[in-house]
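A.B. asks: Structure provided below as structure tokens; questions to follow.
The values are calculated or read from the model by the stated rules, or taken from the named source; none is laboratory data. Just so it is clear, the structure is predicted and the values come from calculations on it, not from any experiment. Here the Cβ is made from the backbone with ideal geometry for all residues, glycine too, and neighbour counts use every protein chain on show. Side chains are part of the model used for accessible areas, which takes the heavy atoms of the whole protein and leaves out ligands, DNA and RNA. Shrake-Rupley method; radii C 1.70, N 1.55, O 1.52, S 1.80 Å.
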Amino acid sequence: MCRRYAAMRMMIQRVLSKLGWGILASVVFAIVLTPAFIRGTDAAGRQRRQRSRSQKPKVPPKPKVDYTKFSHQTHAVAQKLACSSCHKVPSKNWKEFRKGDAAFPDVTDFPEHSSCLNCHREQFFARERPAPAICSNCHIAITPRDTARWLFPSLGDVTDPKLKRREFVSEFGVAFPHDKHIDVVGFNNSAPQTRALFVNVLFQDQKKQGPPKSCPVCHETYQQQGKSSEEYVTKPPKSLGDNFWLKKGTFKTIPNSHTICFTCHNADSGIAPEPKDCNVCHKLVSLMQLKVDFDPTLPTTMGIIDKMILARWSRRISSGAFRHEGGEHPDLSCLNCHNVARSTFNTVDPKTLKVPVRSCGGADGCHIATTTDDGGILNFEIDQKKKDPKFVCSKCHITFGKETIPENHPQAIPTPKPKVKAS
């Protein structure tokens with residue numbers, strides 16, 4: 001075999017020496033241009049590309065994380081971190097924000113850097129100017145020269161203008177069991193100097209009839225008119241007529257700090273939950289897109305900039321014009337309308353907080369009577385709506401009044417009692 005190959009090689013060399021390398025190149029060029037050869041090379045190229053694609057699949061890029069927006073969902077749900085892994089109760093500086101007798105052990109500051117460095121060392125030492133982006137979650141100026149932090153959210157009662165508060169929508173809802181507090185929390189008039197000390201624990205056998213004294217501990221009528229002759233929050237135009245304009249005493253406050261809660265729930269009292277049990281009260285919730293009876297153009301028209309009013313008003317899911325200080329409302333028990341004693345009443349679920357329209361009736365008729373002749377406002381507006389579908393129910397509603405009558409409104413009207421035949 002070796003002798004045969006050697007002979008063939010010598011013969012090829014003699015042919016090339018006679019014909020020349022130019023003819024050989026022409027022959028090779030002709031072969032390369034044949035359709036069969038081109039198809040073969042194309043197929044081979046496609047196979048190589050397919051093999052390369054199958055061997056090296058492309059890895060999709062990781063989504064970019066915005067470290068300026070802290071997420072409790074990521075840390076508490078996805079990573080299953082306990083609240084105590086970051087938040088220390090109380091904070092080291094709890095005496096700095098509330099002075100004297102008003103001070104109490106509280107969460108008054110953001111977690112320390114050591115809580116974050118285990119997972120976010122790369123972000124903390126990122127070469128970003130003027131400072132790493134992650135720093136903006138706690139710090140105001142985000143510069144090494146200015147280390148001031150935002151006011152911690154639990155300090156809602158601190159009103160020092162030098163301390164800056166960041167506006168944000170909390171990821172948490174507060175789960176407060178009203179049914180467990182109605183009969184055990186009340187006023188202690190012997191300590192009027194401090195609002196936080198107004199709370200005292202009563203025994204169940206001391207329960208009294210009538211409106212619960214516990215509600216005003218946490219909920220006060222905001223911007224009361226009192227004896228003032230001015231009933232509106234801002235001055236209305238002279239041409240107001242019967243049109244709506246927001247009045248004082250419309251809204252109720254809700255606690256904006258731990259001040260009242262920690263009066264009873266503290267490490268010394270032994271009443272559960274203790275301050276360190278954050279997750280018992282603070283529940284991560286998804287924002288529910290409930291339709292509210294609020295016209296966002298009205299505050300601008302009325303010149304209202306009060307943040308508390310705007311927050312309460314923009315979340316009303318029933319009557320946008322209801323006024324707690326109006327008429328006989330201050331003399332009524334809160335439980336007449338707010339059925340907080342029911343186990344289904346859940347402060348984390350806005351649907352359960354809705355006041356039923358039937359509450360506007362009552363034994364004396366109030367706003368719902370048996371017939372329109374009896375003076376019920378709901379009766380009148382339902383009758384007008386039936387006569388003219390374009391009629392707008394404006395006594396209670398701001399935007400819902402343009403819609404069709406809900407089923408529960410006619411159902412709230414009591415059935416007339418049958419007439420007794422004279423004997």
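A.B. asks: Residue by residue, what Karplus-based ³J(HN,Hα) values in Hz, rounded to whole numbers, does the range 84-97 have, using 6.51, -1.76 and 1.60 with θ = phi - 60° and x for Gly and Pro?
C.D. replies: 3J(HN,Hα) across the range 84-97, in whole Hz: 5, 5, 10, 8, 9, 10, x, 6, 4, 9, 5, 7, 7, 8.
A.B. asks: Tell me, what ³J(HN,Hα) does each residue in the range 148-156 have, in order and in whole Hz, if you take phi through Karplus 6.51 cos²θ - 1.76 cosθ + 1.60 with θ = phi - 60° and put x for Gly and Pro?
C.D. replies: 4, 10, 5, 5, 5, x, 6, 9, x
A.B. asks: Okay, next question. Please find the FRET efficiency linking Val285 to Ala103, where r is the Cβ-Cβ separation and R0 is fixed at 30 Å, and quote it to the nearest 0.05.
C.D. replies: Efficiency, from the Cβ-Cβ distance: 0.45.
A.B. asks: Multiply the residue separation of Ala78 and Thr371 by 0.36 nm, subtract the distance between their alpha-carbon atoms, and state the gained length in nm to one decimal.
C.D. replies: 99.8 nm
A.B. asks: Using the basic label-point model (7 angstrom from Cα toward the beta carbon), what is the Lys180 to Leu298 distance in nanometres?
C.D. replies: Taking the two extended label points, one gets 3.6 nm.
A.B. asks: Students often get this wrong: which residues of the range 154-188 have the backbone nitrogen under 17 Å from the point 7 angstrom along Cα-to-C-beta of Glu96?
C.D. replies: 154-156, 158-166
A.B. asks: Distance in nm between label sites at Asp364 and Asp157, each 7 Å beyond Cα in the beta-carbon direction?
C.D. replies: Between Asp364 and Asp157, the label points sit 3.6 nm apart.
A.B. asks: Roughly what would the spin-label model give for Ser114 and Ile405, points 7 Å off Cα along C-beta, in nm?
C.D. replies: 6.8
A.B. asks: What FRET efficiency do you get for Asn243 and Lys354 if R0 is 25 Å and r is their Cβ-Cβ distance, rounded to the nearest 0.05?
C.D. replies: Here the calculated transfer efficiency is 0.45.
A.B. asks: For Trp94, Trp313, give the ranking by accessible area with the largest first, probe 1.4 Å.
C.D. replies: Largest accessible area first, the list is Trp94, Trp313.
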